[in-house]
Every structure is written in C-alpha cells, then in structure tokens.
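Since the structure comes first, as structure tokens, the remarks are kept for the end.
The values are calculated or read from the model by the stated rules, or taken from the named source; none is laboratory data. In this text, all values refer to a predicted model and were calculated from it rather than measured experimentally. Heads up, the Cβs are rebuilt from the backbone with ideal geometry, glycines too, and the neighbour counts pull from every protein chain shown.
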Amino acid sequence: MLRTFTKHPHSVGESYGEHFVMAGTFGLRMMFAGFACLVHAFFPFFFEHTGSRCIGELHGRMTVRRTRSTLPDVSTLQRVP
C-alpha cells in the first residue's frame, strides 16, 4: 500500500513529502492563474500577463527539477586515473 504513495514521487526524484509540497504549490499557483484568467476574460485590462507568466514560471521550475532528477549522482562516479 505504501508503494502506491511513493512510486511516482520516487520516479521524479522526490520523497512523498517533497512531492506533496511541490505538487500542492503548483496546484495553488495554477488555481490563482486560472482565476486571474477568468477575471481577465471579463475585464481585459486586468491580469494581462498573469496566466502566461505563471505557465512559463511553472514550466521552467518543472523542467529544471526534471533535468536535475535525471542527471547521474556525480558523487558516486569513479575517477579514471
């Protein structure tokens, strides 16, 4: 049963707690950006760049984290004389 909660977080290089915080943060940011986009739909002069800026920032954070988690741990590599 525990594996159900840890399989995906470990596949992206995170513990369950780290994944909870990261996914929760992303979700809250997306909810805020979604709300801003809805307001923007009615009032085009509000939140003109909020949605696209949020998407760009979240994509950048996710890409950097994914790249870091797929790189080898250099502390375990052996040096060649």
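On inspection, F32 fails the criterion of being part of a loop (DSSP other than H, G, I, E, B) and out of contact with any strand residue (DSSP E or B) (no Cβ under 9 Å at 6 or more places or on another chain). The residue list G27, G51, G56 contains one member that is assigned to a helix (DSSP H, G or I), surrounded by 13 or more Cβ atoms within 10 Å (Cβ to Cβ), modelled with pLDDT of 90 or more and among the small types (G, A, S), which is G51. Tell me yes or no: at least one residue of region 4-19 is surrounded by 10 or more Cβ atoms within 10 Å (Cβ to Cβ), modelled with pLDDT of 90 or more, part of a loop (DSSP other than H, G, I, E, B) and on the phi > 0 side of the Ramachandran plot. Within region 4-19, not a single residue is surrounded by 10 or more Cβ atoms within 10 Å (Cβ to Cβ), modelled with pLDDT of 90 or more, part of a loop (DSSP other than H, G, I, E, B) and on the phi > 0 side of the Ramachandran plot.
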